[in-house]
Amino acid sequence: MHAHGFDHPVLDIDWHGQLHRHSLGWVCARERGELVGFVNVAWDGGVHAFVLDTVVGEGWQRMGIGRGLIEAAVVGARAAGCEWLHVDFDAELRAFYFDACGFTTTDAGLIAL
């Protein structure tokens, strides 16, 4: 399988099946039909959901859109029966996720692959 617009192959997996097994959905913010923000919510099929790829377009940042995306992700994950919503982020986003969105610190581990 090749990603459209890329010269290198992507993982040779059933993307449609992966999507239905591991994605709770996407939260999108639009202004007059234009996509201005996006977050993907993945899950483990059980009680853990994961925030991935939170993005707000330039010119739309610092207006509460990102916080609104995360709030909608929380509501959706809770409605799906999840008990936990996880997020990993770069250090410069610490205030956004902890202060603006209400995440708390936790012990976690990571192995770079």
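A short reminder: the numbers here are calculations on the coordinates, not readings from a lab. From a predicted model like this one, the values you see are computed outputs, not experimental measurements. Here the Cβ is made from the backbone with ideal geometry for all residues, glycine too, and neighbour counts use every protein chain on show.
Of all residues in the stretch 56-64, none satisfies being outside any loop (DSSP other than H, G, I, E, B) and either touching a residue at least 40 places away in the same chain (Cβ under 8 Å) or small (Gly, Ala, Ser) (or both).
Taken over the stretch 80-113, the criterion of being of a type in the set (Gly, Ala, Ser) and touching a Leu at 6+ places or on another chain (Cβ under 9 Å) is satisfied by Ala80 alone.
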